[in-house]
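Novice: Submitted below is the structure of interest, expressed as C-alpha cells.
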Amino acid sequence: MSETLVRISSAGAVRTIRLNRPEALNSFTSQMHADLMAALEDAAADPSVRCVVLGGEGRAFCAGQDLSDPMAAPELSPDKPPKDLGHLINSLYVPLVARVRSMPVPVIAVVHGVAAGAGANLALCCDMVVAGRSGSFIQAFSKIGLVPDTGGTWLLPRLVGHARAMGLAMLGDKLPAEEAERIGLIWKCVDDAELASTVESLAARLAAMPLRALVATRQALAEAQQLDLPAALALEARLQTTLGAAQDYREGVEAFRAKRAPRFTER
Ligand code: LHQ
C-alpha cells in the first residue's frame with residue numbers, strides 16, 4: 001500500500017484506489033489529480049488487475065474541486081484577469097473522465113458520505129456506483145455560479161431523464177443515496193455496514209467475467225445513445241464479430257456446454 005493523495009491496495013484481481021485528503025473531504029487539488037491519474041494508469045497497465053474500485057477515505061467520497069486551491073479560487077482583485085476555469089477543466093478533469101471511461105477493466109465507484117460537484121460526476125462516470133445509505137450526490141455547481149462539469153451535462157439526462165437532470169443541476173440539492181438508486185442515478189444503495197462486503201463481492205464477480213465484453217458494453221451503450229436503431233444494430237453486429245473471435249467466447253460456450261464454471265482470462 002502506498003501513501004500519497006490516493007491510497008492504493010490490491011486484493012486478488014481487484015485494485016482499490018481511495019482518494020486521500022479526508023480533512024478537505026477528498027476535494028481535488030492538482031496533486032490529487034496527478035496521483036489519481038498515476039494510480040489509474042498503473043491499474044490499466046497491470047495485466048493482473050481485472051477490476052478497479054474507486055472510493056474515498058474519511059467521511060466522504062469527494063467534495064469536487066478544492067475551492068481554496070489557488071488554481072481554482074476566483075481572482076479577488078479587479079486588476080487581475082479572471083482564472084481560466086476552462087483551462088483547468090481541460091487539463092485535469094477532461095483527461096480524468098477520459099481515463100476512467102477508457103479503462104480496460106470495469107470501474108466501480110463506492111460512495112459513502114457526500115459526493116459533490118466534480119466528485120459526484122466522477123462517481124457517475126464509473127461503470128457501476130454502489131453507495132452506502134450515508135451517501136449523497138450534490139450537483140453543487142449552480143450554487144457557485146457554474147455548470148455541471150466532469151461529464152455531468154452528458155451523464156445526468158442519460159441516467160435520469162431531462163426533468164430530473166434539470167432539477168438536480170439547477171437546484172444543487174443533496175440527493176440521498178436511497179433516492180439516487182430509486183431514480184436510476186446509481187446501481188445500488190445498501191446499508192453502510194454492508195457497503196464494503198457488497199462492493200467486494202461485486203468487484204470479485206466482475207473480475208471473473210469476460211472483460212473485453214464488459215468494456216465493449218460500456219462503449220456500445222454510450223455510443224448507441226447517439227445512434228438510430230439500424231446504426232445501433234450494426235454496431236452490435238460489429239462488436240459481436242470482434243468478441244466472437246476471442247478466446248473468452250470459446251471458453252464461455254465450452255463451459256456452458258460442459259456445465260462447469262468458465263475461466264475467463266482475456267483483458
Ligand atoms: C472543502 C470543499 C471543497 C475545499 C469541503 N474545497 N474545501 C472544476 C474546476 C474549477 C473550478 C471549480 O470547480 C470545478 C468542479 C467542481 O467540483 S465545482 C463544485 C465544488 N464543490 C463544492 O462546491 C462543494 C463544496 N462543499 C460543500 O458544499 C460542503 O462541504 C459539502 C456539502 C460537500 C459537505 O458539507 P459538510 O458535511 O457540512 O462538511 P463541511 O462543509 O463542514 O466540510 C468539511 C471540511 O471540508 C471543511 O473544512 P474545515 O477546515 O472548515 O473543516 C470544508 O471547508 C472542507 N471542504 N468541500 N470543495
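Novice: Return the residues of the stretch 51-72 that are among the small types (Gly, Ala, Ser), open to solvent by less than 20 Å² (accessible area, probe 1.4 Å) and near the ligand (Cβ under 10 Å from one of its atoms); say none if nothing qualifies.
Specialist: Answer for the stretch 51-72, where residues must be among the small types (Gly, Ala, Ser), open to solvent by less than 20 Å² (accessible area, probe 1.4 Å) and near the ligand (Cβ under 10 Å from one of its atoms): ALA60, GLY64, ALA72.
Novice: Run down GLY244, GLY152, GLY184 and say which single residue is of a type in the set (Gly, Ala, Ser), within 16 Å of the ligand (Cβ to nearest atom) and at pLDDT 95 or above.
Specialist: Criteria check complete, one pass: GLY152.
Novice: What residue, of VAL110, VAL114, VAL97, is of a type in the set (Val, Ile, Thr), within 16 Å of the ligand (Cβ to nearest atom) and touching a strand residue (DSSP E or B) at 6+ places or on another chain (Cβ under 7 Å)?
Specialist: VAL114
Novice: Something else: Looking for whichever is under 21 Å from CYS126 (Cβ atoms), modelled with pLDDT of 95 or more and either open to solvent by 30 Å² or more (accessible area, probe 1.4 Å) or near the ligand (Cβ under 8 Å from one of its atoms) (or both) here; the options are SER48, SER91. Which one fits?
Specialist: SER48
Novice: Name, by its number, the condition in (1) surrounded by fewer than 14 Cβ atoms within 10 Å (Cβ to Cβ); (2) closer than 30 Å to HIS112 by Cβ that does not hold for LEU195.
Specialist: Failed condition: (1).
The values are calculated or read from the model by the stated rules, or taken from the named source; none is laboratory data. Note that the structure is a prediction, hence the values are computed from the model and not measured. When we count neighbours, we look across all protein chains shown, and the Cβ atoms used for this are built from the backbone with ideal geometry, even at glycine. The accessibility values were calculated without ligands, DNA or RNA, using every heavy atom of the protein model including side chains. Shrake-Rupley method; radii C 1.70, N 1.55, O 1.52, S 1.80 Å.
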